[in-house]
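Some notes on the structure that comes next.
The values are calculated or read from the model by the stated rules, or taken from the named source; none is laboratory data. Just so we're clear, the structure is a prediction, and the values are computed from it rather than from any experiment. Positions of Cβ are backbone-derived with ideal geometry, glycine not excepted, and every protein chain shown enters the neighbour counts.
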Amino acid sequence: MAGEVLVVAEQVNSQVANVTLELLGEGKKLARKLGSPLSCFVIGHNMEAAVDAVIKAGAEKVYLADHAELAEYKTLHYRRVILDELSSWATPPHTLLMGSTTTGRDLAPRIAAFFETGLTADTIELDIGPYEHTSGIDQTKIGYFPECLYASRPSFGESLKARILGPWKDPQMATIRPGVFAKPEMLTEKPEGVEIKKVAINFQPSDYRITIKETLREIEGKIDITAADVIVAGGYGLGSADGVNLLKDLAACFENSVVGASRKIVDLGWMTYPYQVGQTGKTVRPKIYIACGISGALQHRVGMQKSELIIAINRDPDAPIFSFADQGIVGDVYHVIPEMIKQLQEKNTSKLAELKVK
Ligand SMILES: Cc1cc2nc3c(=O)[nH]c(=O)nc-3n(C[C@H](O)[C@H](O)[C@H](O)COP(=O)(O)OP(=O)(O)OC[C@H]3O[C@@H](n4cnc5c(N)ncnc54)[C@H](O)[C@@H]3O)c2cc1C
């Protein structure tokens, strides 16, 4: 049997990060394909509620490192507890997943380097499948691998989606951006029989080379577009920064709504970076995503393609966005958006289904 599918949890103030729950949901699918258990490594202090949450999200085994020194993320301390534990296993995990967050980007490469294994960063899709390596300079790599981690991410100048495999050594590792996968349905009760293993903690003097003086978490006025139900996003088709007001007017027709932006208009200074959706911006999955004057480049698409309903407004009928939007309106944003606002206001509704855009 293949090794475990292991999710390394992230926490802030002892609360599990959403990305961890998302990875447990996706990790479960991989574990079922492999016939392996889904496990979760929980590190922090006073982690009872966090352990509860990861079990309710699907973890079948938990490795727990609970220590006052681990309350805040510290690179060397976290690395120590993970590697001490994993290097004692007879069989390493088959798959190891972490969020593509500041913590994940710092910690995952250290784990990969220790195991001399590969790591696919910023993955947007995961799967398990076979692979046959038939040629290459290194003859030791030739062979048939029935159970590889397929980790896909935009690549090659960001214009292609590349599937990256590294079946030669376990753990096969990937980091995944928050919001890429849906959170699993949480169990209401903790299932019986989930093993919680308390891992040994043996910090070394060298782990104290870095000290945390202060943690600043909240930035005043910080915008979080990922929490909105409706995103009205604008692109270069708005023509100028003034067009952003049109987006705001349309967004105002909906509850829990926000405006968003393509990178092109962020680069132009029409909107600021916290509003950017896409590969180098935020990954969002609102109930409704209205893309106004956005062409639908892959780098934008990967950040919003999991939205429940995508509506695209573009004057070019051949714009790539129409190939994956659920509803498309071919027209000028300066005609279509005011018409949508008018009808939404007249009908006193926020239901797009009731609109007719001529
Ligand atoms: C490494 C890398 C990372 C990137 N990361 C991101 C990212 O995170 N997010 C992102 O968005 N992009 C990203 N990009 C950029 C991306 O490749 C595209 O260049 C960008 O998304 C295009 O933005 P756009 O759709 O606003 O502009 P354009 O591609 O110029 O599209 C404008 C669209 O508006 C339409 N239009 C024009 N006038 C009107 C009108 N009056 N009414 C209606 N429609 C109109 C046009 O037909 C066109 O389809 C990245 C690129 C690279 C190389």
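Could you look through the range 254-267, keep only residues that are crowded, with 18+ Cβ neighbours inside 10 Å and more than 10 Å from the ligand (Cβ to nearest atom), and pick out the one that is nearest to MET340 (Cα to Cα)?
Result: PHE254.
Can you name the condition, by its number, that THR95 falls short on among (1) more than 20 Å from PRO205 (Cα to Cα); (2) crowded, with 22+ Cβ neighbours inside 10 Å; (3) more than 24 Å from the chain's Cα centre (by Cα)?
With (1) more than 20 Å from PRO205 (Cα to Cα); (2) crowded, with 22+ Cβ neighbours inside 10 Å; (3) more than 24 Å from the chain's Cα centre (by Cα) applied to THR95, the lone miss is (3).
Kindly establish whether LEU246 is surrounded by 13 or more Cβ atoms within 10 Å (Cβ to Cβ) and touching a residue at least 24 places away in the same chain (Cβ under 8 Å).
For LEU246, the condition - surrounded by 13 or more Cβ atoms within 10 Å (Cβ to Cβ) and touching a residue at least 24 places away in the same chain (Cβ under 8 Å) - is met.
Inside the range 261-284, can you point out the residues that are in contact (Cβ under 8 Å) with a residue 40 or more places away in the chain and closer than 19 Å to LEU298 by Cα?
TYR275, VAL277, GLN279, LYS282, THR283, VAL284
Which of the residues belonging to the range 1-28 are more than 25 Å from GLU72 (Cβ to Cβ), out of contact with any strand residue (DSSP E or B) (no Cβ under 8 Å at 6 or more places or on another chain) and part of a helix (DSSP H, G or I)?
GLY25
Please pick out the residue among ILE321, ILE311, ILE329 that is part of a helix (DSSP H, G or I), surrounded by fewer than 24 Cβ atoms within 10 Å (Cβ to Cβ) and assigned by TED's automatic domain parsing to the domain that holds TYR236.
ILE321 is the lone residue from the list that is part of a helix (DSSP H, G or I), surrounded by fewer than 24 Cβ atoms within 10 Å (Cβ to Cβ) and assigned by TED's automatic domain parsing to the domain that holds TYR236.
Looking at (1) out of contact with any Leu (no Cβ under 6 Å at 6 or more places or on another chain); (2) surrounded by 15 or more Cβ atoms within 10 Å (Cβ to Cβ), which is the one condition that is false for ALA108?
Of everything listed in (1) out of contact with any Leu (no Cβ under 6 Å at 6 or more places or on another chain); (2) surrounded by 15 or more Cβ atoms within 10 Å (Cβ to Cβ), ALA108 misses just condition (1).
In the range 315-341, how many are near the ligand (Cβ under 8 Å from one of its atoms), closer than 16 Å to ILE231 by Cα and in contact (Cβ under 8 Å) with a residue 40 or more places away in the chain?
Going through the range 315-341 one residue at a time, the tally reaches 1.
Checking TYR63 against (1) touching a Gly at 6+ places or on another chain (Cβ under 9 Å); (2) closer than 23 Å to PRO178 by Cβ, only one condition comes out false. Which one?
(1)
Give just the number: which of (1) under 22 Å from ALA151 (Cβ atoms); (2) in contact (Cβ under 8 Å) with a residue 12 or more places away in the chain does ALA49 not satisfy?
(1)
Return a yes/no flag: does the range 283-305 have any residue that is buried (at least 22 other Cβ atoms within 10 Å of the Cβ), closer than 22 Å to ASP224 by Cβ and small (Gly, Ala, Ser).
Looking for residues that are buried (at least 22 other Cβ atoms within 10 Å of the Cβ), closer than 22 Å to ASP224 by Cβ and small (Gly, Ala, Ser), one finds at least one in the range 283-305, hence yes.
Return the only residue of ILE196, ILE231 being in contact with a Pro (Cβ under 9 Å, 6 or more places away or on another chain) and either surrounded by 11 or more Cβ atoms within 10 Å (Cβ to Cβ) or outside any helix (DSSP H, G or I) (or both).
Numbers: ILE196 fails: in contact with a Pro (Cβ under 9 Å, 6 or more places away or on another chain).
Of ILE196, ILE231, the one residue that is in contact with a Pro (Cβ under 9 Å, 6 or more places away or on another chain) and either surrounded by 11 or more Cβ atoms within 10 Å (Cβ to Cβ) or outside any helix (DSSP H, G or I) (or both) is ILE231.
Being assigned to a helix (DSSP H, G or I) and near the ligand (Cβ under 8 Å from one of its atoms) is the filter here, so list the residues in the range 268-301 that pass it.
Listed by number, the residues that qualify are LEU298, GLN299, HIS300.
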